[in-house]
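Please treat every number below as a calculation from the coordinates, not as lab data. The structure presented is a predicted model; accordingly, all values stated were derived computationally and were not measured. Cβ atoms come from the backbone with ideal geometry, glycine included; neighbour counts cover every protein chain shown.
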């Protein structure tokens with residue numbers, strides 16, 4: 001009998017009717033290079049253990065680093081005390097397990113062969129390669145590497161015993177370029193778990209090229225314009241948009257998707273899915289409550305097909321959980337593990353040709369304060385490029401992009417084929433929007 005089984009046995013004997021233990025163990029390596037020196041270096045191992053138990057039909061929770069014989073009795077007392085303090089009247093229960101699980105591996109064993117020294121050497125080489133790209137470079141503002149291996153375990157008194165292991169690396173680099181009196185900064189990131197996909201020369205060139213093309217930016221005229229949103233900007237807006245698909249938001253009447261299930265809410269060009277079973281670094285075959293995950297359409301051809309449920313919100317609506325339970329600071333919320341926006345067939349250049357005259361937005365700032373999650377209205381600082389005669393022309397900055405997120409996704413005219421997996425678990429292409437308001441000079 002291992003430590004987890006012993007804990008469950010003692011907790012049941014103490015009066016808890018159900019007990020669950022989830023363990024998240026992560027080991028990480030990171031190095032930051034600045035001006036040809038190692039600025040930061042670290043190797044860490046973290047363990048977070050979350051315990052949930054049912055006492056008199058109410059959930060109690062407790063957390064620790066790792067279970068051991070010295071903290072067992074205290075944790076059981078904490079569980080019971082926490083449950084007694086809960087005022088919810090719903091009858092609490094833990095999950096007994098799904099009928100079928102479709103296991104998917106998110107662990108790349110070959111990545112183990114990449115040594116720490118290789119990672120460090122490559123970051124020094126990346127910094128030098130960035131520096132060599134152009135005489136316009138004023139400074140390389142940092143090169144960073146980090147990787148993480150995660151092991152996640154759920155075991156409970158119903159016999160549920162699930163484990164998933166994953167790994168990934170994250171590389172970022174930034175540069176400052178200067179021409180005359182104008183300075184521009186650009187950062188790029190890579191997230192993957194196949195080190196063979198990392199090309200130092202290509203990544204350095206992308207960092208510098210995207211900085212140089214911003215030089216001599218200035219505001220444009222204020223007016224409504226046909227707009228292409230770069231994939232990173234789409235990702236920023238999707239975070240708020242898909243919060244409204246959370247069943248908890250719907251039940252609390254704070255969602256603009258309330259009452260719109262199986263109705264058209266967006267352009268028929270738009271298809272968004274939650275795809276935890278797609279083979280990416282974000283793949284999950286069970287959620288944080290132990291429910292089997294599956295791929296599902298959230299919006300199909302503009303029609304809202306489902307809300308995202310954990311077990312609690314599913315029970316309120318008398319439906320099954322969609323396998324979207326996520327543990328956030330010991331509270332089970334709901335969200336997408338991997339959001340997939342179906343790309344189009346045309347290249348980014350073909351979108352510009354279709355627009356003829358408009359604007360290409362490459363960066364949005366102030367999303368935290370500039371998006372009203374109640375109305376969907378937004379007003380965000382932006383930068384990008386004018387589109388003239390079907391091609392990119394001069395860079396623009398010091399402008400404000402404004403509109404409404406619901407209308408924005410209803411006005412999708414075309415999607416590019418330039419999808420990329422972005423931090424936060426979103427894969428999206430750039431998108432052509434019918435028109436948005438630009439405030440400049």
Return one number: the angle in degrees, 0 to 90 and rounded to the nearest 10, between the long axis of the Cα atoms of helix 200-212 and the longest principal axis of the Cα atoms of the chain. 60 degrees
What value does the range 1-134 have for Rg/Rh, both radii from Cα atoms and Rh as Kirkwood defines it? 1.20
Is the shape of the range 261-337 best called rounded, prolate or oblate, per the rule: a/c under 1.5 gives rounded, else a/b larger than b/c gives prolate, else oblate, with a ≥ b ≥ c the square roots of the Cα gyration tensor eigenvalues? oblate
What angle do you read, to the nearest 10 degrees and between 0 and 90, between the alpha-carbon axis of helix 231-243 and the longest principal axis of the chain? 40 degrees
Applying a 10 Å radius around every beta-carbon, put 351-358, 334-341, 431-438 in order of their mean neighbour count, most first. 334-341, 431-438, 351-358
Grab the DSSP H runs of the chain that are 4 residues or longer, score each as -39,500 (n - 2.57), total them, divide by all residues and round the 222 nm result to the nearest 500 deg cm²/dmol. -6500 deg cm²/dmol
Mind pulling the angle between the C-alpha long axis of helix 72-85 and the longest principal axis of the chain? Nearest 10 degrees, somewhere in 0 to 90. 80 degrees
Classify the range 120-272: rounded, prolate or oblate, from the alpha-carbon gyration tensor (a ≥ b ≥ c, eigenvalue square roots; a/c under 1.5 rounded; otherwise prolate if a/b is larger than b/c)? oblate
Which order do the peptides 411-418, 284-291 come out in when sorted by mean C-beta neighbours inside 10 angstrom, highest first? 284-291, 411-418
Of 225-237, 208-220, ordering from highest average Cβ density within 10 Å down gives 225-237, 208-220
Cα centroid distance between the range 352-395 and the range 89-144, in Å? 29 Å
Note on the range 89-171: contact order normalised by length, alpha-carbon pairs under 8 Å, 6 or more apart, percent, works out to 33 percent
Please tell me the relative contact order of the chain in percent, rounded to the nearest whole number, where contacts are Cα pairs under 8 Å and at least six residues apart. 15 percent
Evaluate the relative contact order of the range 3-210 (contact order divided by residue number), counting alpha-carbon pairs under 8 angstrom at least 6 apart; express in whole percent. 22 percent
